[in-house]
Each structure stands twice: as structure tokens, then as C-alpha cells.
Amino acid sequence: QVQLVESGGGLVQPGESLRLSCAASGFTSSLNVMRWYRQAPGKAREFVARITSIDNSTLYTDSVKGRFTISRDNAKNTVYLQMDSLEPEDTAVYYCHVLYRGNGYWGQGTQVTVSS
């Protein structure tokens, strides 16, 4: 059974950092493209970052380039999103996603709030 569990969210001030984790089970995350999305109140869910399976290449949405870093720990079957220089506009629920054997799976999300 595929399961994704996000953690690491919280309330921080602008300029601070957080590291989100996505613990995967039921499949090998290192063999799959893993993605982070976010959804702010009243807005559609949007792509944030992804990491590939073959060469661990990464891709980011423009608004987080240079501030966020996606990575993976294959031994822990976990994907991370390091978020630095956080801005109020980064406030959202962050979700982990995988497309596995033709089916899309989401975690339950973790809330990130950036406010002074």
C-alpha cells in the first residue's frame, strides 16, 4: 500500500527556514520521480519542485528558485524540501506526490505559515 507522510511544517518568521520531510512506504521512492506541491488558502494547488529517479535532477517553480532545495535519502525512503529565506507568500499546505504505476498518490499535507 503506497503511503506518503509529510512532516516538518510550522509557523516561522520571514527569512527563517524549515525542512519538510516526506516519508514514503509501499514503494521505493528512489525509483520514482517525487514532487512537492503547495496550496495556499483560496488558491489552486501548484507545483513547487521535483526530483527525478535516474540522475536526481531537480526542477523548481520560479518563485522558489535559489531558496528551496529538494533532495532524497534513499536509505530512509524519504524526500526532503529545504526551504530557506521563507516569505509570507510561501504560506500554504505542502504536499508530497508520486505517480506510481499509473496512479497518483498524495500525502495528507503539512502546514507552513510564514508570518511576523
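A few remarks follow.
- The numbered conditions (1) touching a strand residue (DSSP E or B) at 6+ places or on another chain (Cβ under 6 Å); (2) over 14 Å from Gly109 (Cβ atoms) are all true for Ser30 except (1).
- Selection from segment 79-116 of residues that are part of a strand (DSSP E or B), open to solvent by 10 Å² or more (accessible area, probe 1.4 Å) and closer than 12 Å to Gln39 by Cβ: Val93, Tyr95, His97, Trp106, Thr110, Gln111
- Single match in Ala24, Ala40, Ala49 (criterion: of a type outside the set (Val, Ile, Thr) and over 13 Å from the mean Cα position of the chain (by Cα)): Ala40
- The single condition from (1) modelled with pLDDT of 95 or more; (2) part of a loop (DSSP other than H, G, I, E, B); (3) surrounded by 12 or more Cβ atoms within 10 Å (Cβ to Cβ) that Ser63 fails is (2).
- Just one of the listed residues (Val79, Val2) is in contact with a Lys or Arg (Cβ under 8 Å, 6 or more places away or on another chain) and either modelled with pLDDT of 95 or more or aliphatic (A, V, I, L, M) (or both), and it is Val79.
The values are calculated or read from the model by the stated rules, or taken from the named source; none is laboratory data. Since the structure is predicted, the reported quantities are computational estimates derived from the model, not experimental observations. Cβ coordinates were reconstructed from backbone atoms using ideal geometry, including for glycine residues, and neighbour counts include every protein chain displayed. For the accessible areas, the whole protein counts, side chains as well, though only heavy atoms, and no ligand, DNA or RNA atoms are used. Shrake-Rupley method; radii C 1.70, N 1.55, O 1.52, S 1.80 Å.
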